[in-house]
DNA sequence: CGTTGATTACGAAGAACCTCGTACTCACTG
DNA sequence: CAGTGAGTACGAGGTTCTTCGTAATCAACG
């Protein structure tokens, strides 16, 4: 994918719906949006998004059904990277620390994250793994 | 603090410099910026930021020295929370996982993060209190 | 005093963003 | 065929963002 692209505020609102639902027609997206927006406004945003190749659409009956073309993981990674660079001076650790402080995690999530961290550490060393733990 | 505020693209570039250096005059900020920008453009952004109460300035010799008024931690938390909500559907875990995958961490960082995670897990069990103490 | 250089103040101008109104298309219905 | 309703296309218009040009200020110098 060429450019993960950074979304504008409203574009992100729309994409969010698409990611959550997988796809959507203008009406569906509009209904799912948390803020009141005119039908044509939503349509327009979707058209702009399509023009930027961030979504695609295919005919469905009389209407179009829109599908996201960028994965949320990629978009998220890009957005996260930006914040890490600009706000946390490139320190992923600081960002991670902040996020953990900001959003309470369940015990299970913490467990999974720790496993992930172990794997990341292993990758960093790229060798010398002798205490490979199990997995959930 | 009323509103952690979300910065525009350029505002973020400026704030980034201020956070990294602690403070800066127009010329200093301009020099530290990775992109070429006219002197008055930087000045203008700083004035806008000041107007929005995101930075303050005090006289220093002939010029003003600008200081950030919002902490990077707060700004980062806000920005991160936005991404988590809009892109990762509110799942901090997914965001964390992505960030870990995106940015390699040193073994030491992983160690510290795990400690942090343990503490987070403990908090989850008991109860939370508000964070972020006073700020400047 | 007049010039020079560094700095801030002001506001114009273009670009991007966002919201819609209005017109147009087309399948259905009676 | 005319009317209706669901949809899309187009483009105007307002707002915000961003970049600067130009003018004003003021200390220092000769």
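General observations
- Selection within segment A:34-56 - buried (at least 19 other Cβ atoms within 10 Å of the Cβ) and either without any contact (Cβ under 8 Å) to a residue 12 or more places away in the chain or touching a strand residue (DSSP E or B) at 6+ places or on another chain (Cβ under 8 Å) (or both): A:46, A:49, A:54, A:55
- The set of residues in segment B:25-67 that are within 9 Å of DNA strand D (Cβ to nearest atom) and more than 12 Å from residue B:11 (Cα to Cα) comprises B:35, B:36, B:37, B:38, B:39, B:40, B:61, B:62.
- Test for residue A:115: is it away from DNA strand C (no atom under 15 Å from the Cβ) and over 20 Å from the mean Cα position of the chain (by Cα): yes
- Any chance residue B:91 is within 11 Å of chain A (Cβ to nearest Cβ), within 26 Å of residue A:105 (Cβ to Cβ) and within 13 Å of DNA strand D (Cβ to nearest atom): no
- Some residue of segment B:68-82 being in contact with a strand residue (DSSP E or B) (Cβ under 9 Å, 6 or more places away or on another chain), away from chain A (no Cβ under 14 Å) and away from DNA strand D (no atom under 13 Å from the Cβ): yes
- As a summary of the residue check, residue B:35 satisfies the conditions (1) assigned to a loop (DSSP other than H, G, I, E, B); (2) within 12 Å of chain A (Cβ to nearest Cβ) except for the one numbered (2).
- So residue B:82, is it within 14 Å of DNA strand C (Cβ to nearest atom), surrounded by fewer than 18 Cβ atoms within 10 Å (Cβ to Cβ) and in the same structural domain as residue B:117 (by TED's automatic domain parsing): yes
A quick yes/no check of all residues on (1) more than 21 Å from residue A:84 (Cβ to Cβ); (2) modelled with pLDDT under 95; (3) part of a helix (DSSP H, G or I); (4) within 14 Å of DNA strand C (Cβ to nearest atom):
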residue	(1), (2), (3), (4)
B:6	no, yes, no, yes
B:10	no, no, yes, yes
B:20	no, no, yes, no
B:30	yes, no, yes, yes
B:41	yes, no, yes, yes
B:44	yes, no, yes, yes
B:48	yes, no, yes, yes
B:59	yes, yes, no, yes
B:64	yes, no, no, yes
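- Filter result (free of Cβ contacts under 8 Å to residues at least 12 places away in the same chain and in contact with a strand residue (DSSP E or B) (Cβ under 9 Å, 6 or more places away or on another chain)) within segment A:1-30: A:28
- Residue A:74 vs. criteria in contact (Cβ under 8 Å) with a residue 40 or more places away in the chain, surrounded by fewer than 17 Cβ atoms within 10 Å (Cβ to Cβ) and within 18 Å of the chain's Cα centre (by Cα): yes
The values are calculated or read from the model by the stated rules, or taken from the named source; none is laboratory data. Source: prediction; values computed, not measured. Using ideal geometry, Cβ is built from the backbone for each residue, glycine included, and neighbour counts are taken over all protein chains shown.
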